[in-house]
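Undergrad: Have a look at this one.
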Amino acid sequence: MGDAITAAHGRGVEQLNKAVLNRAIAPIGGKVTATGQEGLQQVRQQLSNAYDNLLPKMSVNTLDNNFVSNVSNLRGMVGSLPAKEAKMYDDVIVREIEGRLAPNGVLSANNLKKAQEAIREKAITFSKSNDAYQAELGRAFRQLGDELKTLVERSNPQYAKELAAINNGWSVYERAKLAAGYAGAERFSPAQLQR
């Protein structure tokens, strides 16, 4: 009897995992065939492909008033960090955004992708730091990434529906990935997903 209950519980967890992963990519026409790390990788790949297919159609003008104002405010907040961290932040903006701009302030599709990837990587790296200042720097990079994402959405309203589906998919993916981390990189339970 115990084996039957354990097997039924295992099937339930498997179905939950597959349903969550499919929820991330169903709006873009995707589907997973696995769970665990393989399923997470399938979701990540399909979301990346959807964004890569949409990206060449888009560009952003970094001279957008809201974007300029918000990035300026962020730079001011980062200015209260120690000089080392403040300089790191400014260096990333200069290298990853300003250094990729066309003379008219437009960030082309390819440069936009590179900038977003670099900023996301910095956000993840610094957010994991045990140093409070570097963790704060990670939060600033995450906010910068959010500002860039908002600018993309505002600059390309004709693709708002597709962008929303991809962005929502990434949100579900991130929660599933975190829950899998609680589970030791395997299938996650409802409690782990809730947490």
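The values are calculated or read from the model by the stated rules, or taken from the named source; none is laboratory data. Everything numeric in this text was worked out from a predicted model, so none of it was measured. For neighbour counting, all protein chains shown are included, and Cβ atoms are generated from backbone atoms with ideal geometry for every residue, glycine included. Heads up: the accessible areas ignore ligands, DNA and RNA and are worked out on the full protein's heavy atoms, side chains in. Shrake-Rupley method; radii C 1.70, N 1.55, O 1.52, S 1.80 Å.
Undergrad: Need the failing condition index for K84 against (1) buried (at least 18 other Cβ atoms within 10 Å of the Cβ); (2) assigned to a helix (DSSP H, G or I), just the number.
TA: Tallying (1) buried (at least 18 other Cβ atoms within 10 Å of the Cβ); (2) assigned to a helix (DSSP H, G or I), K84 fails exactly one: (1).
Undergrad: Out of the residues in the stretch 21-40 that are part of a loop (DSSP other than H, G, I, E, B) and either of a type in the set (S, T, Y) or closer than 18 Å to E186 by Cα (or both), state the one that is most open to solvent (accessible area, probe 1.4 Å).
TA: Step by step, filter the stretch 21-40, then rank; the result is T33.
Undergrad: Going through M58, M1 one at a time, which residue ends up being aliphatic (A, V, I, L, M), at pLDDT below 95 and open to solvent by 90 Å² or more (accessible area, probe 1.4 Å)?
TA: M1
Undergrad: Specify which of the listed residues (R195, R154) is of a type outside the set (S, T, Y) and loosely packed, with under 14 Cβ neighbours inside 10 Å.
TA: R195
Undergrad: Evaluate the stretch 95-102: report whether one residue or more is surrounded by 12 or more Cβ atoms within 10 Å (Cβ to Cβ), of a type outside the set (K, R) and outside any helix (DSSP H, G or I).
TA: The answer is yes, given that some residue of the stretch 95-102 is surrounded by 12 or more Cβ atoms within 10 Å (Cβ to Cβ), of a type outside the set (K, R) and outside any helix (DSSP H, G or I).
Undergrad: Name the single residue, out of those in the stretch 132-151 being charged (D, E, K, R) and under 22 Å from V106 (Cβ atoms), that is least open to solvent (accessible area, probe 1.4 Å).
TA: Checked the stretch 132-151; the qualifying residue least open to solvent (accessible area, probe 1.4 Å) is E147.
Undergrad: Based on what the data block shows, is V43 surrounded by 18 or more Cβ atoms within 10 Å (Cβ to Cβ), modelled with pLDDT of 90 or more and assigned to a helix (DSSP H, G or I)?
TA: Yes, satisfied.
Undergrad: Which one of these is over 30 Å from Q158 (Cβ atoms) and either open to solvent by 20 Å² or more (accessible area, probe 1.4 Å) or not hydroxyl-bearing (S, T, Y) (or both): S48, S129?
TA: Among S48, S129, only S129 is over 30 Å from Q158 (Cβ atoms) and either open to solvent by 20 Å² or more (accessible area, probe 1.4 Å) or not hydroxyl-bearing (S, T, Y) (or both).
Undergrad: Moving on. From A118, A176, A140, A160, which residue is in a helix (DSSP H, G or I), modelled with pLDDT under 90, touching an Asp or Glu at 6+ places or on another chain (Cβ under 9 Å) and not hydroxyl-bearing (S, T, Y)?
TA: A160 is the lone residue from the list that is in a helix (DSSP H, G or I), modelled with pLDDT under 90, touching an Asp or Glu at 6+ places or on another chain (Cβ under 9 Å) and not hydroxyl-bearing (S, T, Y).
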